[in-house]
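S.K.: Pasting in a structure now, in structure tokens, and then I'll have a few things to ask.
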Amino acid sequence: MAPDASLSEGTSTATPSAPTAAPAPALTNPDTIQTYQTLYDVLGRAYWEASDITAKDTIQGARDAIYEILTDLNRAKLDANTALFLSLKSKIRDSNKALEEVKDRINTITKNISTASSVIAAIAKVVSIAPTLL
């Protein structure tokens, strides 16, 4: 079965302070993985429609190569996203502290009850999802 473009495996050992290299150009184009996935899927259908074993072997050889490319692209994308996410974690923690202060002082910051209520609700929502990100 082909690797799903939305699923990847593996972990990264990158740290937030580690410099991150720019992703390869193929990773900056969101269509790259989907294009290879589409080719992999089409080759799979062609395999089952092939009339003889030689044709099936030819198709499967190409399909195996595409599978390896998909795997490498997904791993590279995961590694790049993991490094970016790890660097984001400290920003989330810092912003949550600032948000708690705003929430505690909102009544002295604005006298508009509607604005204060909207700010408190938005802060509460962000703070409630933050633990799932950390």
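S.K.: Search region 62-90 for residues being among the small types (Gly, Ala, Ser) and touching a residue at least 40 places away in the same chain (Cβ under 8 Å), and hand back the single one that is surrounded by the fewest Cβ atoms within 10 Å (Cβ to Cβ).
M.R.: Only one residue fits best here, namely 90.
S.K.: Name the residues in region 36-49 that are more than 29 Å from the chain's Cα centre (by Cα) and either of a type in the set (Lys, Arg) or surrounded by 15 or more Cβ atoms within 10 Å (Cβ to Cβ) (or both), would you?
M.R.: 46, 47
S.K.: Might you check whether a residue that is free of Cβ contacts under 8 Å to residues at least 12 places away in the same chain, part of a helix (DSSP H, G or I) and touching a Ser or Thr at 6+ places or on another chain (Cβ under 7 Å) occurs anywhere in region 91-111?
M.R.: Scanning region 91-111 turns up no residue that is free of Cβ contacts under 8 Å to residues at least 12 places away in the same chain, part of a helix (DSSP H, G or I) and touching a Ser or Thr at 6+ places or on another chain (Cβ under 7 Å).
S.K.: Residue by residue through region 16-67, note down the ones that are acidic (Asp, Glu) and at pLDDT below 90.
M.R.: 31
The values are calculated or read from the model by the stated rules, or taken from the named source; none is laboratory data. Note that this is a predicted model, so its numbers are computed, not measured. Quick reminder, even Gly has a Cβ in these numbers, built from the backbone with ideal geometry, and neighbours come from all protein chains shown.
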